[in-house]
Structures are given as structure tokens and as C-alpha cells.
Amino acid sequence: MHYRYDPKLGYVACSAAEAWDSEEKSMELGPAYTTPSKKLLTDAGTRFEHLNDLLDHLNDGLLAVENSLERYENTKDTQRRKRLIDALSLIRSYQEKLANMDGFKWDLNNMLDKCVPERGVLEGIRKARVEALKAGPAQKSLPVSPEDDSEPLGV
């Protein structure tokens, strides 16, 4: 026994051919699966933005507690101040974890290490600068490059 679904009647008994025909007509493909992508920090409404808002509120609260402590020292406000500072540090460390700061911490240093000129090139630049300073006894700084026609500031 086969059934087909009718929106008005519900499930209705039918032949195999009718069930197959109604199945083909009602068969709709849903959206294709897309692999999840990592959210960027520039996305609107991200967790990172909400954490920034929370940091702003906690900073305002910390400022209010510190102003209160300047006027009147009490134990509740000192405890509140310590808890706010701890919460701020926890949120900042969580943001660093979200932003994968540890993963990108040494990228600039690694790139600079890969692009270091040979030692002879650096020595040649240093010698050229020293000779330029020695050549002009009245001049106490390096000459201005010819591309820079503007007057020095303050003249």
C-alpha cells in the first residue's frame, strides 16, 4: 500500500505510480551544503563587536567605581574594582583567542627575517652615509634627497 500527501486531505492511499508521480512533483531540493567559514573581525554583529560593547560598559563601570573610591574608600568598592579589572582582563584575553593573535604574532618578524639584505649591502649603506657626513664639514645632517623640493619645516 502506498500513500501520497494532499495538503487538503492529508495522506491518501494510492497506487505506486501515483505515489511516485506525486513524490517527483513535490520533491524540492533545499539549499546546497556550504562549508562553514571562519567569521572575520570586520563582520557586522560579530561576537567580537559585542565583546567590545561589553568592554566599553565595564570600563565605564570601572571609571565610576574609581571615582567613588577617590571620594570615599570602602571595602565593597575595592572588591568591585578588583572584579571589574579581572573581568576586563578575561574579556581581553578571550578576544585575543578569538582573533587568533597567537597565530599571527610572529608573522611580521618572520617576513622581515626572510627579506633581510646581505651584510655587505648594509655595510655599504652605512659607509656611504658616514662619508656623506664627513664630506660637508658645515653640514651636520645628511643631504636632502633631490625628490624633496619642499622647504624644511620651521624655515
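Since every read-out is calculated from the coordinates, none of them should be taken as a lab result. Please read all numbers here as calculations on a predicted model, not as lab measurements. Cβ sites come from the backbone with ideal geometry, for glycine too, and all protein chains shown count toward neighbours.
In terms of modelled amide H atoms, which long-range or inter-chain residues lie less than 5 Å from the amide H of TYR3?
Answer set, sorted by chain and number: CYS14.
With a bin width of 5 angstrom, please list the P(r) values of the range 61-125 as percents of all Cα-Cα pairs, from the 0 bin to the one holding the largest distance.
3, 14, 13, 10, 9, 8, 8, 8, 7, 6, 6, 5, 3, 0
Note the full-extension length gain between ALA13 and LEU40 as 0.36 nm times their separation in residues minus their Cα-Cα distance, in nm to one decimal. Could you put the intermediate results ahead of the total?
On the way: separation 27, 0.36 × 27 = 9.72 nm, distance 5.23 nm.
Taking ALA13 through LEU40 to full extension adds about 4.5 nm, to one decimal.
Work out, step by step, the length gained on full extension between GLU96 and LEU133: first 0.36 nm times the residue separation, then minus their alpha carbon distance; give nm to one decimal. Don't skip to the end; give the middle numbers.
On the way: separation 37, 0.36 × 37 = 13.32 nm, distance 4.65 nm.
Roughly 8.7 nm would be gained on extension.
Excluding THR78 itself, calculate the net charge of residues whose Cβ lies under 14 Å from the Cβ of THR78, where each Lys or Arg counts +1 and each Asp or Glu counts -1.
Details: positive: ARG71, LYS76, ARG80, ARG81, LYS82, ARG83; negative: GLU66, GLU70, GLU73, ASP77, ASP86.
With Lys, Arg at +1 and Asp, Glu at -1, the net is +1.
At a Förster radius of 30 Å, what calculated FRET efficiency corresponds to the Cβ-Cβ distance of SER89 and ASN109, to the nearest 0.05?
On the way: r = 25 Å, r/R0 = 0.85.
After rounding to 0.05, the efficiency reads 0.75.
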